[in-house]
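One structure below.
The values are calculated or read from the model by the stated rules, or taken from the named source; none is laboratory data. Values in this document were obtained by computation on a predicted structure and should not be read as measured data. Counting neighbours? That spans all protein chains shown, and the Cβs are built from the backbone with ideal geometry, glycine included.
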Amino acid sequence: MKTTYHLIIFALVFSAACLNAQNGVQKSLGVSWGLSNIQRQDLIFSPMIHRDWSPVNTVIDYHRTGKAEQHLMAKFAYYRASIVEPYEYLSFYNGNETTVPQQFTVLDLNYDLGFPLVKNDRLQLLMGGRSANRLLPSGYSFGNLQSFGYYFSFGLDLWSRLQFHLGNRNRLSATLALPLLAYNARSSYLWHTDPYLMWNYSHNGLKAFGNYLTHGELQSWGKARGIDLDLQYLHTVNDRWDLGLRYLYSYRYNSDPNRFGQLENGIYFSGLYKF
């Protein structure tokens, strides 16, 4: 399976390199900002479902369209979720302290490569693949006890986009991505196990990150599942600028070493600069 994964990644990179020689390409750079909601349950740390709304959500997109569609996407979100109101507790070291919520960071770095199956003046259907890279660090705080959690995923998704032109100035698009396989690294089941302490003994964040990654495994739909949906409306203001609205939906599930579920959806304002 690892050989197949490497061959697919090589094919995507080789295709992208060949496409750089195309003439008459269209490029655009977009920024989206909005309000997003998260619901997360990670049985490694807690049986509770943590929920939060957050305005700290930004998406940056780069599109390059020629004979094929290339899309780079970076998405950042930050949440502070708590199942109870803050309360004071007695700390052995610092006296009275106030509880803090759990902290979830979501960072997606994706590269999409798609080729048109259907293309006319009103409709375009693209199919291809996505290099999906997701970093989900988290901080769990239960009074005096604080634990760092992580879920790092580097995978390959099946990718598709459907786009409708509504007249000359308006268009709708729907993008869907389904995971095929991924290299996933998650927190150990009992938090501060001997291996975890060994990975962090140097107090070097970069070295610890590398140690986390080396203890991951290649997984498919048996252990890791998900779906990503991107719905977008854009209105052409002039030859350079588009403005619009966007809805993003993402679901992640993983069963090893224990169940993890995350549902995230948000509404964004979008701006697109064409060059």
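Using the structure shown, decide if PRO55 is touching a strand residue (DSSP E or B) at 6+ places or on another chain (Cβ under 6 Å) and loosely packed, with under 13 Cβ neighbours inside 10 Å. Yes, satisfied. Taken over the stretch 250-273, the criterion of being closer than 17 Å to ASP61 by Cβ and touching an Asp or Glu at 6+ places or on another chain (Cβ under 7 Å) is satisfied by SER250, LEU272.
Residue pairs whose Cβ atoms lie under 9 Å apart, sitting 6 or more positions apart in sequence or on different chains, and linking a residue in the stretch 252-275 that is loosely packed, with under 14 Cβ neighbours inside 10 Å to a partner that is of a type in the set (Gly, Ala, Ser) and assigned to a strand (DSSP E or B), are PHE269/SER32; PHE269/GLY34; PHE269/GLY244; TYR273/SER28; TYR273/GLY30; PHE275/SER28.
What about ILE267, is it touching a Gly at 6+ places or on another chain (Cβ under 9 Å) and modelled with pLDDT of 85 or more? It would help to see each step written out before you state the result.
On the way: touching a Gly at 6+ places or on another chain (Cβ under 9 Å): yes; modelled with pLDDT of 85 or more: yes.
It is true that ILE267 is touching a Gly at 6+ places or on another chain (Cβ under 9 Å) and modelled with pLDDT of 85 or more.
Could you tell me whether any residue of the stretch 68-82 is touching a Pro at 6+ places or on another chain (Cβ under 8 Å), free of Cβ contacts under 8 Å to residues at least 40 places away in the same chain and not hydrophobic (A, V, I, L, M, F, W, C)? Within the stretch 68-82 (the criterion being touching a Pro at 6+ places or on another chain (Cβ under 8 Å), free of Cβ contacts under 8 Å to residues at least 40 places away in the same chain and not hydrophobic (A, V, I, L, M, F, W, C)), the answer is yes, since at least one residue qualifies. In the stretch 60-74, the condition of being within 20 Å of SER138 (Cα to Cα), in a strand (DSSP E or B) and of a type in the set (D, E, K, R) is met by no residue. Of the residues that make up the stretch 119-135, is at least one at pLDDT below 95 and in contact with a His (Cβ under 6 Å, 6 or more places away or on another chain)? Yes, the conditions are met somewhere in the stretch 119-135. For the stretch 253-273, a residue qualifies if it is over 16 Å from MET73 (Cβ atoms) and either among the basic types (Lys, Arg) or in a strand (DSSP E or B) (or both), and the qualifying residues are TYR253, ASN254, ARG259, PHE260, GLY261, GLN262, LEU263, ASN265, ILE267, PHE269.
When each of THR65, THR105 is tested for being of a type in the set (Ser, Thr, Tyr), touching a residue at least 40 places away in the same chain (Cβ under 8 Å) and surrounded by 13 or more Cβ atoms within 10 Å (Cβ to Cβ), the lone residue that passes is THR65. If only residues of the stretch 158-170 that are in contact with a Ser or Thr (Cβ under 8 Å, 6 or more places away or on another chain) and part of a strand (DSSP E or B) are counted, the one that is nearest to GLU217 (Cα to Cα) is TRP159.
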